[in-house]
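Have a look at the structure below before the remarks.
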Amino acid sequence: MDLRGHPLISLLVVLLAPLASGDPDGLERVAEDIGFLDAGMSAPYEILPDYSIPFIGETGFSTVLAGIVGALVVLGILILVGRSLRVSSES
């Protein structure tokens, strides 16, 4: 696995995550404008609600940390899927 770009990507995440917009995304905005936002069901659980770490609060650091956690989870899932595909193709 080649991780030469890892430091650059990590630096970009740390520098750019606090600049993320606090405004709702397009779908949420339309639901709010039309008036059915509250009619939707909320998720049964939220691991990283609103891209923040719950015990830290909604700060720039919390957003950065949530981004790193999310990226590591996705990386872990991709590694597991890749290994399982490699094992199944070898047998």
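By counting other Cβ atoms within 10 Å of each Cβ, how are Ile77, Ile68 ranked from fewest to most?
Lowest to highest Cβ neighbour count: Ile77, Ile68.
If you keep only loop residues by DSSP, which chymotrypsin sites (Phe, Trp or Tyr not before Pro) in region 28-83 have at most 13 other Cβ atoms within 10 Å of their Cβ?
Numbers: sites: Phe36, Tyr45, Tyr51, Phe55, Phe61; in loops: Phe36, Tyr45, Phe55.
Hits after loop and neighbour filter: Phe36, Tyr45, Phe55.
Can you sort Ser21, Ser84, Ser10 from fewest to most other Cβ atoms within 10 Å of each residue's own Cβ?
Details: Ser21 6, Ser84 10, Ser10 14.
Neighbour counts put them in this order, fewest first: Ser21, Ser84, Ser10.
Cα-based Rg of the chain per 2.2 N^0.38 Å, rounded to two decimals?
1.45
Taken together, the values in this text are just the output of simple stated rules run on the coordinates, not laboratory data. None of the values given here were measured: they were computed from a predicted structure. So basically every Cβ, Gly included, is an ideal-geometry build from the backbone, and we count neighbours across all protein chains shown.
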